[in-house]
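Q: The structure under discussion is supplied below as structure tokens; questions concerning it will follow.
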Amino acid sequence: MPQITLLPHPDLCPEGRTLDMRRGAMLCRGLLEAGIAIEHACEMVAACATCHVHVRRGADSLAPPDDEENDQLDNAWGLDAQSRLACCVKVRDTDLVIELPRHTRNHAREA
């Protein structure tokens, strides 16, 4: 079972965290199920870019982003070459290291 290592994030997981996630799992859903409150304003249909993450290690094992994901990534805060939408990432056999951006494009967060 692949391991997902989350780098420390001051609000969502201050000490970082390592999770086991089954192959084929959607990264966003797996993070939410593990209690990591990643934003997902569009309910995980790749329409908002609020679930933006940086895949710092293991990105080569993932399917490349499709046109829809790339279009939404243009709207993400802090975009870089390792940016992906967590709702579009399906975990494969390789361990991943994920960094959660400090901010999202949302101005306010719902409780």
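The values are calculated or read from the model by the stated rules, or taken from the named source; none is laboratory data. Everything quoted here is computed from the prediction, not taken from an experiment. Neighbour counts are summed over all protein chains in view; Cβ atoms, including those assigned to glycine, are modelled from backbone coordinates with ideal geometry.
Q: Pick from R23, R84, R29: which is surrounded by fewer than 15 Cβ atoms within 10 Å (Cβ to Cβ) and either charged (D, E, K, R) or on the phi > 0 side of the Ramachandran plot (or both)?
A: R23
Q: List the number of the failed condition for A37; all other conditions in (1) surrounded by fewer than 22 Cβ atoms within 10 Å (Cβ to Cβ); (2) over 20 Å from R17 (Cβ atoms); (3) hydrophobic (A, V, I, L, M, F, W, C) hold.
A: Unmet condition: (2).
Q: In addition: Could you tell me which numbered condition H40 fails, if it satisfies all but one of (1) out of contact with any Gly (no Cβ under 8 Å at 6 or more places or on another chain); (2) over 17 Å from K90 (Cβ atoms)?
A: (2)
Q: Report, ordered by the first and then the second residue, all pairs with beta carbons closer than 8 Å, sequence separation of six or more or different chains, a first member in segment 41-60 that is among the polar types (S, T, N, Q), and a second member that is part of a loop (DSSP other than H, G, I, E, B) and surrounded by 19 or more Cβ atoms within 10 Å (Cβ to Cβ).
A: Listed by first residue and then by second, the contacts come to T50/E39; T50/H40; T50/T104.
Q: While we're here: Identify, please: which residue in segment 82-107 is hydroxyl-bearing (S, T, Y) and assigned to a loop (DSSP other than H, G, I, E, B) and is, among those, modelled with the lowest pLDDT?
A: T104
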